[in-house]
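The values are calculated or read from the model by the stated rules, or taken from the named source; none is laboratory data. As the structure is a prediction and not an experimental result, all values here were calculated from the model. We place every Cβ from the backbone using ideal geometry, glycine too, and count neighbours over all the protein chains shown.
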Amino acid sequence: MNLLSYGLRSSHCQLNILRLADCNLTGQCCESLSLCLQLSNSLRELDLSHNNLQDSGVKHLSDGLKSSQCQLNILRVTGCNLSDKCCESLSSCLQSSNSLRELDLSNNDLQDSGVKLLSDGLKSSHCQINILRLSGCMVTEEGCCFLASALSSNPSHLRELDLSYNHPGQSLVKLLSDPNYRLDKLNVNHGGEIRITTGLKKYACDLTLDLNTAHIQLALSEINRKVTFFLQCEERRCDQISDAQSD
């Protein structure tokens, strides 16, 4: 990362888009990237998704984003093991005059406390964010209230808000859909109480095997909770499935 950062800081570098998703980066790597943001005026899009950046890494990035030299428009840090603590530095960043237009924080356990901090930044007249993605961030009705308050204070810029895989509740969905907030796109798909669960558990769901359409080489066991696939369909198991289908 240090070698790459050295190149990015060069006055000859004209790179606009840098995608480093799933590159086994850590928060320490963001320190050198932050310096790049403070010195480079060509970089417009940075994708660091699915790296273990943690809150410390985002704090470093926020320091770079506050620089008057930084011209970054898009920052994606999806699934980077972030918590509500990183939102304080991001909120401060949103309140400063910068070029950021799209922020993707999806699949991080920010919770309502983190959304509250972000909303404080969104209220600022300096905030220019057009697209905010918070899919799978453990946001409930409380967090949506903070967002609604921010939109009431500064409705001029935010046009797209992604709250899918959260638990906003019907009343808050209706509130955020108010045309006075000027949102062109509001995504609240796949919501529910199960989404307020840490990590990948929020995406868990129950599956049921339809015996009428199941392949004959599949067999159920352990009170229909385990499915086994057999390379060669034994006659006994085929009869078992056939009997189940006839019932």
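Condition check ((1) surrounded by 14 or more Cβ atoms within 10 Å (Cβ to Cβ); (2) small (Gly, Ala, Ser); (3) at positive phi; (4) within 20 Å of the chain's Cα centre (by Cα)) across all residues:
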{"position": "Gly136", "(1), (2), (3), (4)": "yes, yes, yes, yes"}
{"position": "Thr140", "(1), (2), (3), (4)": "yes, no, no, yes"}
{"position": "Leu147", "(1), (2), (3), (4)": "yes, no, no, yes"}
{"position": "Ser152", "(1), (2), (3), (4)": "no, yes, no, no"}
{"position": "Ser156", "(1), (2), (3), (4)": "no, yes, no, no"}
{"position": "Leu161", "(1), (2), (3), (4)": "yes, no, no, yes"}
{"position": "Val173", "(1), (2), (3), (4)": "yes, no, no, yes"}
{"position": "Leu176", "(1), (2), (3), (4)": "yes, no, no, yes"}
{"position": "Tyr181", "(1), (2), (3), (4)": "yes, no, no, no"}
Do the conditions hold for Leu46, that is, is it assigned to a strand (DSSP E or B), of a type outside the set (Lys, Arg) and under 13 Å from Val77 (Cβ atoms)? yes
Given the criteria within 20 Å of Leu132 (Cβ to Cβ) and within 17 Å of the chain's Cα centre (by Cα), does Gly57 qualify? yes
Please specify each residue of region 83-127 satisfying the condition of being under 19 Å from Leu163 (Cα atoms) and either assigned to a loop (DSSP other than H, G, I, E, B) or of a type in the set (Phe, Trp, Tyr) (or both). Ser83, Asp84, Arg101, Leu105, Ser106, Asn107, Asn108, Asp109, Leu110, Lys123
Test: residue in region 158-169 that is among the aliphatic types (A, V, I, L, M) and modelled with pLDDT under 90: no
Do we have any residue at all in region 9-27 that's among the hydrophobic types (A, V, I, L, M, F, W, C), in contact (Cβ under 8 Å) with a residue 12 or more places away in the chain and part of a helix (DSSP H, G or I)? no
Where a residue in region 145-161 is closer than 15 Å to Gly114 by Cα and in the same structural domain as Asn187 (by TED's automatic domain parsing) and its partner, wherever it lies, is at pLDDT below 95 and of a type in the set (D, E, K, R), with Cβ under 7 Å and at least six apart: Ala150/Lys123
